[in-house]
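The values are calculated or read from the model by the stated rules, or taken from the named source; none is laboratory data. On a predicted model such as this, the values are computed, not experimentally measured, just so you know. With ideal geometry, Cβ positions are generated from the backbone for all residues, glycine too; neighbour counts draw on all protein chains shown. Protein only, heavy atoms only, side chains kept; ligands, DNA and RNA dropped before computing areas. Shrake-Rupley method; radii C 1.70, N 1.55, O 1.52, S 1.80 Å.
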Amino acid sequence: MDESGGSTGLREHEAPLDAAERAAIDSVPKGLFIDGAWRDSPVALPVLDPATGRTLCSVADARPADGLAALAAATAAQADWARTPPRARADILMRAHHALLADADRLALVMTLEMGKPLPEARGEVAYAAEFFRWFAEEAVRLDGGYLPAPAGGSRFLVTRQPVGPSLLITPWNFPMAMGARKIAPALAAGCTCVVKPAEQTPLSMLALAAILAEAGVPAGVVNVVSTADPGALIAPLIADARSRKLSFTGSTAVGKLLLEQCARTVMRTSMELGGNAPLLVFDDADLDEAVDGALAAKMRNIGQACTAANRILVQRGVAEAFAERLAERMAALPMGRGTEPGVVVGPLIDADAVAKVERLVADAGRRGARVLLGGQVTDRPGTFYPPTVLTDVPDDAELCHTEIFGPVAAIGTFDTEEEAVARANDTPYGLVAYVFTENLRRGLRVCEALETGMVGLNQGVVSNPAAPFGGVKESGLGREGGSVGIDEFLEIKYIGVKV
Ligand code: NAP
């Protein structure tokens, strides 16, 4: 293992990177980060560039024994970290915030190379991740409690909040740094140690973050990172292990349900940030330019690969045609290409399966009567690209109305009345986010309250903000990340009865 923790590169298959790209990839440690040290593994996990399909490098692939070693390190570090004064924990988090911002260009390049999102979006994600460290640095010193008299007198109730303990944090590939930051920052602020398992396709952003956290002063064992190609084998023993006290998962509803079943066996506390099927409602009294801007943001962020992506766009009949035409015009103008190329807005999808899924969903919608206003055909360029696509007259029975599209496809249907719009928006087992566009405040608030989602964007297409509580209802999850409640996910309430 070299000093950067990397020795498992598959040099012969490397993508042709320019010098800056090569330097960025080489700068990331490639080992398992356990107990403050980088460890090698006999098994290599290749990391691909989705824009070319070629191998960028490889990282150490953790076996179940490595996962248990990481948990042992997190357990050993727990008591000292919980005792570390909140102000000292906050100072470390704040250093991490500044370090991330100072290193944003390198980190963004790594992210773009392993995940495909255009560089400006990757820079935005680094800034978003950094903001979680600042936000939770500020929250770390505000862990309040209570002191109150028993109603019958004779004793006092002391209420305090304590760290839940060693936490398992599992993250997806679509926001490879921010989804980790959204868990690590509150866990550390609360006084919890953690074992982080990044997504197999995008481990580099998390490994780079681990190095930055160590540099910022996070003690050995407090944050451990294990990448693996076999998540089931690695994670199941960790969930079954009584030393793990918490699972915070971001990913698909299917995997979330599987993990909830495993957690039930030890009654482990869970936070679940799962899939979405966001409706975006445009009423005929909306500012249409604002609605198109909002739809573009809600649809195209991360090339459509976001849990918050507008999956079903429902437009009131009177403005449906004008809205669709304007959206198609805007989407047609979005340059597609490798995320590192200047001006590119539409990068590749994460892999060939993702492209095949989008193709299948678009074909199914077409068979059921949807019209293709833009795109709809895979181009023959290498890499896993799918072009911006606008479908109109999409019927509710089209499969893409019931599953996450996870691609740059705007699926537009029409509605006539507010009641119908709300009923159709709610007709899904998911409930993460919805978007509403109307200039009528009364209607806006009425509809926001009636929507069965954890979040609503009213006249705006982006809701994510570290200072706001992010999360869903129904099959979109349990718990909230960010905001003043985000830290609660890593705290237990303890009541102490005191006789006076
Ligand atoms: P995924 O397949 O559920 O994977 C998420 C994470 O779980 C990955 O690290 C994955 O590892 C791991 N995993 C898979 N099977 C596992 C198992 N049996 N035991 C333990 N861990 C396991 O989801 P994804 O495709 O990466 O991400 C896209 C999904 O995430 C979408 O549904 C999206 O809506 C959702 N998401 C939700 C939010 C939110 O805040 N609500 C945010 C972002 C994304 P591997 O990488 O090795 O498969």
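Looking at segment 188-201, can you tell me whether even one residue there is of a type in the set (Lys, Arg), within 20 Å of residue 477 (Cα to Cα) and out of contact with any Cys (no Cβ under 6 Å at 6 or more places or on another chain)?
Yes, segment 188-201 contains a residue that is of a type in the set (Lys, Arg), within 20 Å of residue 477 (Cα to Cα) and out of contact with any Cys (no Cβ under 6 Å at 6 or more places or on another chain).
Test residue 298 against the criterion of being touching a residue at least 24 places away in the same chain (Cβ under 8 Å), more than 14 Å from the ligand (Cβ to nearest atom) and either assigned to a helix (DSSP H, G or I) or of a type outside the set (D, E, K, R) (or both), and give yes or no.
No.
Only residues that are of a type in the set (Gly, Ala, Ser) and over 16 Å from residue 474 (Cβ atoms): list them for segment 410-449, please.
410, 411, 413, 421, 444, listed by residue number.
Go through segment 261-276 and give me each residue that's out of contact with any Ser or Thr (no Cβ under 7 Å at 6 or more places or on another chain) and either of a type in the set (Gly, Ala, Ser) or more than 9 Å from the ligand (Cβ to nearest atom) (or both).
Passing the criteria: 261, 264, 265, 266, 267, 269, 270.
Go through segment 328-375 residue by residue and tally those that are open to solvent by 20 Å² or more (accessible area, probe 1.4 Å), outside any strand (DSSP E or B) and over 13 Å from residue 50 (Cβ atoms).
20
Take residues that are open to solvent by less than 10 Å² (accessible area, probe 1.4 Å), touching an Asp or Glu at 6+ places or on another chain (Cβ under 7 Å) and more than 8 Å from the ligand (Cβ to nearest atom) and tell me which of the helices (runs of 4 or more DSSP H) falling wholly in segment 178-260 contain 1 or more.
Here the list reads 178-190, 203-216.
Based on this model, can you work out whether residue 162 counts as within 11 Å of the ligand (Cβ to nearest atom), surrounded by fewer than 24 Cβ atoms within 10 Å (Cβ to Cβ) and either not β-branched (Val, Ile, Thr) or not in a helix (DSSP H, G or I) (or both)?
Here the answer is no, as residue 162 does not meet what is asked.
For residue 314, are the conditions met, namely being among the hydrophobic types (A, V, I, L, M, F, W, C) and either closer than 19 Å to residue 112 by Cα or within 23 Å of the chain's Cα centre (by Cα) (or both)?
For residue 314, the condition - among the hydrophobic types (A, V, I, L, M, F, W, C) and either closer than 19 Å to residue 112 by Cα or within 23 Å of the chain's Cα centre (by Cα) (or both) - is not met.
Using the structure shown, decide if residue 414 is open to solvent by 10 Å² or more (accessible area, probe 1.4 Å), part of a strand (DSSP E or B) and not hydrophobic (A, V, I, L, M, F, W, C).
yes
Of the conditions (1) over 30 Å from residue 191 (Cβ atoms); (2) out of contact with any helix residue (DSSP H, G or I) (no Cβ under 8 Å at 6 or more places or on another chain); (3) part of a helix (DSSP H, G or I), residue 488 fails just one. Which one is it?
(1)
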